[in-house]
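First the structure, in the form of structure tokens, and then the observations on it.
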Amino acid sequence: MIRTRFAPSPTGYMHVGGVRTALFAWLLARQGNGHFILRLEDTDQAREVAGADEHLMRSLKELGLTYDEGPDVGGDYGPYRQSERLDIYKKWALKLLESGRAYVDPYTTEEVQAFREQAQAEKRAFLYRHHRPETLSTDWDGSKPLRFKSDPKEYRWTDAVMGDRQTGPEVIDDFILIKSDGFPTYNFAHIVDDAEMQITHIIRGQEFLASTPNYLNLYEALEITPPVIASVPPIMNEAGNKKLSKRDGAKDTLEYIHEGIPLPAFLNFIATLGWNDGTEQEIFSVDELIAKFSLDRVQSSGARFDERRMQWISGAHIREMDIESLYNATSRYWPEESDAYDDDYKKSVLGLIQERLKKYSEIPELTRFFFIDLQINHELISSHKQLKKLETTELIDILTQAKTALENCEWSTEKIQDCLNELLESTGQKPAVLFSLIRIATTQSPASPELAGSLAVLRKDRSLSRISTQLEALSQ
RNA sequence: GGUCUCAUCGUCUAACGGUUAGGACACCAGGUUUUCAUCCUGGCAAUCGGAGUUCGAUUCUCCGUGAGAUCACCA
């Protein structure tokens, strides 16, 4: 059974890079009958942000990346917060002490820092093990850091995303297992936890690729068979020169959802940022992602976060939705003015704007004129490339004829269209003049959906009264 | 600086060593009875550079160049 995990440290909100590793892990688990597990890596007390854990859990749920085991849902392999697993790390640390693969670090922070600076001055990579004491103390009372006694050697391994890897012994070093505050480091804790929790696939950012040989060394010392390791590339900023970060305007992921990017569209976008199924398909449902995702088709180089592509994917998903589910998804985005109208009315409005909707938060600006009468905007006529050439008297004449014709019109989209077509003939006007004028009179908006449909939804009396209002304004 | 990694249109990407290097987004132009959007048609646009292997290289090798990661009592 596949068991994957998402293991963030609760130091802030959920960023897109995190969502992607979580999504990949989730997809893998959902492909089979697997489990997706949330583990909170809260071993750095200094960096911890209050409430970040709650926010993380809420984010995963809102993103639909539901986990089968985790701090708030339990599971057979808990606890799922590292801060509550200190005794487990201690047990494994003692095992290493016994087997002679761990020792007490005798140096102070300052001394280690001096070694490091010396190495830097000599333009060498810093290796702690070059300063490893002759006789190693295993008398560990917890007040000093506990270090791993590494066994430097060459490694060849296969990363599920990056392919075959090879490194020499020079990258292997004695790293800290347990800090002097009693908490384990990531390097130690994640290996113990993944083993204890029987994780089968580790999916994490590429920044851990360089330290993977060290982990392999530790796996050996602990006699653990390593899981499948997949190092996914970072998501880059718009300029493409570094990881997307808050400074580049990386938003809390929930903001995208709250702006009304449909969830499947957002997951589609994130998944295809560095992954494709080898075909020319661009739009995937969540079920399709689950069915088709595979680690070996994940790109090995970083991809940039392109909001325009996200907008397009979002619009594409919205266009494919049926009106009922779209209406349900948009319930909290309708403007206040719409409160007085019933569901059927709003659904017909939604049907008219569906094809131009890129995200739900655009609903108010796209629909306002369906709910309230907007003020006459003279600019719409004066800046219109056809209408501005006409005298006001001509405009009044055309609009008056239109009003008369529509008054005698049966009120359905089809019938209105027929009336408009007849009107084209009887007035001898171009569509660009006649339709624009009626459209402006009835919507007072620079853009609106197709005319006959809009009039039908607006109802007859309201359409006609708006035309009258426009006529009055023109007459003044 | 050491070590490691990555490199195809502006962007996301496809291409058993043999393709006019394909698709999508974006952009531009035209079309669909008005606007915006959709949809359709067309256009622009790429293998980082240099050697080598090969009949043939985007693909394999090497050297550059550029970018990234890592070298924490952070994860």
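Helix A:86-98 and the longest principal axis of the Cα set of chain A meet at an angle near 40°. Looking at the range A:85-187, the GluC sites (Glu not before Pro) that sit in a DSSP loop and have at most 13 other Cβ atoms within 10 Å of their own Cβ are A:E122, A:E134, A:E154.
Considering chain A at the alpha-carbon level, its Rg and Dmax are found to be 31.8, 105 Å.
Working ranking of peptides A:305-316, A:390-401 by packing, defined as the average number of other Cβ atoms within 10 Å per residue, highest first, is A:305-316, A:390-401. Subtracting the Cα-Cα distance of A:A432 and A:H378 from their residue separation scaled by 0.36 nm leaves 17.7 nm.
The amide H of A:R304, built 1.01 Å from its N in the peptide plane, has A:M236 as neighbours under 5 Å, considering only residues 5 or more places off or on other chains.
So which trypsin sites (Lys or Arg not before Pro) in the range A:58-108 are both in a DSSP loop and have at most 11 other Cβ atoms within 10 Å of their Cβ? Answer in residue order: no site qualifies. log10 I(q)/I(0), Debye, Cα-only the range A:127-268, no solvent, q = 0.12, 0.16, 0.22 Å⁻¹? Rounded to two decimals, the profile gives -0.68, -1.01, -1.36.
Quick check: the angle from helix A:431-443's long axis to the longest principal axis of chain A, C-alpha only, nearest 10 degrees? With rounding to tens, the tilt is 70 degrees. Here is how the number arises for chain A: DSSP H runs of 4 or more residues each give -39500 (n - 2.57), the sum is divided by the residue count, and the result at 222 nm is -13500 deg cm²/dmol.
Could you tell me whether the range A:394-476 comes out rounded, prolate or oblate from its Cα gyration tensor? Rule is a ≥ b ≥ c as square roots of the eigenvalues, rounded for a/c under 1.5, then prolate if a/b exceeds b/c, otherwise oblate. Note, shape of the range A:394-476 comes out rounded. Couplings for the range A:323-331, taken from phi via the Karplus curve 6.51 cos²θ - 1.76 cosθ + 1.60 with θ = phi - 60°, read 5, 5, 5, 5, 5, 4, 5, 9, 3 Hz in order; Gly and Pro are left as x.
Here the calculated FRET efficiency for A:E54 and A:R156, from their Cβ-Cβ distance with R0 = 41 Å, stands at 0.45, rounded to the nearest 0.05. Taking Cβ atoms as reference points and 15 Å as the exclusive limit, the residues near A:E134 contribute a net charge of +2, counting Lys and Arg as +1 and Asp and Glu as -1. Remark: for residue pairs A:K149/A:K179; A:K91/A:K153; A:K415/A:K460, the C-alpha separation exceeds 19 Å in A:K91/A:K153.
Between the helical axis of A:392-407 and the longest alpha-carbon principal axis of chain A there is an angle of about 90 degrees. A prolate overall shape is assigned to the range A:3-236, the ratio a/c of its alpha-carbon gyration tensor axes (a ≥ b ≥ c) being 1.5 or greater and a/b exceeding b/c.
Counting only residues at least eight positions apart within a chain, or on another chain, the lysines with an alpha carbon under 29 Å from that of A:K358 are A:K61, A:K242, A:K243, A:K246, A:K251, A:K292, A:K346, A:K347, A:K385. For the pair A:V228 and A:D252, a Förster radius of 30 Å applied to the C-beta separation gives a FRET efficiency near 0.50, rounded to the nearest 0.05.
Here the contact order of the range A:102-208, divided by its residue count and restricted to Cα pairs under 8 Å and six or more residues apart, works out to 24 percent.
The numbers here are math on the coordinates, done by the rules we state, and not lab data. The structure displayed is predicted, hence computed values, not measured ones. Positions of Cβ are generated from backbone atoms using ideal geometry, with glycine treated the same way; all protein chains shown enter the neighbour counts.
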